[in-house]
Amino acid sequence: MQTGHKKIDNQNVQNILSLTPMQEGMLFHYLHDIENYYFEQLCLKIRGKIKMEVMRKAWNYVIEANEMLRTIFRWEKLQKPVQIILKTYEVPLRIHDLSNLTDSEKEQKIYEIQEQDQHNQIDISKEPFRVTLVKLSSNENMMIISNHHILYDGWSNGIILKELFQTYAALYKGQHPINSQKNRFNEFIKWLQLQNKDHQKKYWVNYLEDFDTKTELPVLLENKDSREIQKNTQTTKSYVHTFDEDATKCINMFVTEHRITFASLIYSVWGILLQRYNNTDDVLFGT
């Protein structure tokens, strides 16, 4: 977690908004620095020669068109945290040239750049996101986009990238990019604040009224005398699994076809797993 807020130029403030409940939850994790949760890093390989200055202009144009890419967060000495939309913000563009290295050296250096980028946590009080361009050859580059999930979700990546490459193509040809009209985020905040929270709370209290089964994951443990099922274990660990290319393609095709997010798929699979292990129709777990 970063501390000490940098002073903002009042002339550069477009709007000040409250946070959504989801954003407040993400800010909680950010402030408690829980394993760098919600840090997002997207890596893309781009074939074709890139003009760095044109790419910088394209990014700045996309930032101008998308106010969440100009948003920073403040919470110190405030009763409630706020998000501040800046009028102007230039993307922090980091550039590395690896074109003179061997393939094995490039692979190692790319890994180091990605690791270092992940290690340098996003400071959401002054840096909404950052972009790293890595030149691999005259005709191949890697672009690393890093942001905190509090800014936008996975669905937005496709929208942002589409706008970026359309803008880059227009600027490259000397044309003026098309400026798409969008709803402002403050309209969503206003709609959210008008919702009847008491009604929503009553709905969920009634919905969960008859739920009385603990949702646990039984663990098979070895014991000196016998093998037994132990449901309540205090030891937890993290397990990381990387899907191979074929599995990844199948997953991406499935979520695209059914118009769901990858997270929704994982939640559903986890829910079914818990349902089978607990032999119940009701499963409750947190995210």
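Structure values in brief
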| item | result |
| --- | --- |
| Separation of alpha-carbon centers, the stretch 249-287 and the stretch 139-190, rounded to whole Å | 29 |
| Amide H within-cut-off set for R94, under 5 Å, with H built and near neighbours excluded | V131, T132, L133 |
| Heavy-atom surface of the chain, accessible at 1.4 Å and reported per residue (Å²) | 71 |
| Candidates E127, E209, E90: whichever shows maximal mean-square fluctuation once the chain is modelled as a Gaussian network with Cα springs under 10 Å | E209 |
| Loop-located trypsin sites (Lys or Arg not before Pro) in the stretch 1-90 whose Cβ has at most 13 other Cβ within 10 Å (DSSP) | K6, K7, K49, K51, K77, K87 |
| From phi via Karplus (6.51, -1.76, 1.60), per-residue ³J(HN,Hα) for the stretch 17-24 in Hz, x at Gly/Pro | 10, 6, 8, 6, x, 5, 5, 4 |
| The chain: C-alpha gyration tensor shape, a/c 1.5 cut-off, then a/b vs b/c | oblate |
| Candidates per chymotrypsin sites (Phe, Trp or Tyr not before Pro) in the stretch 9-43, loop by DSSP, up to 15 other Cβ within 10 Å | Y37 |
| Karplus-derived 3J(HN,Hα), 6.51/-1.76/1.60, for each residue of the stretch 276-287, Hz, glycine and proline x | 5, 5, 9, 6, 9, 8, 10, 10, 10, 8, x, 10 |
| The chain - percent of accessible surface contributed by carbon and sulfur, probe 1.4 Å | 51 |
| Three semi-axes of the equivalent ellipsoid, the stretch 1-138, Cα gyration tensor, whole Å, largest first | 31, 19, 11 |
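The values are calculated or read from the model by the stated rules, or taken from the named source; none is laboratory data. No experiment lies behind these values; they were computed from the predicted model shown. Counting neighbours? That spans all protein chains shown, and the Cβs are built from the backbone with ideal geometry, glycine included. Only protein heavy atoms, including side chains, enter the accessible area calculation; ligands, DNA and RNA are left aside. Shrake-Rupley method; radii C 1.70, N 1.55, O 1.52, S 1.80 Å.
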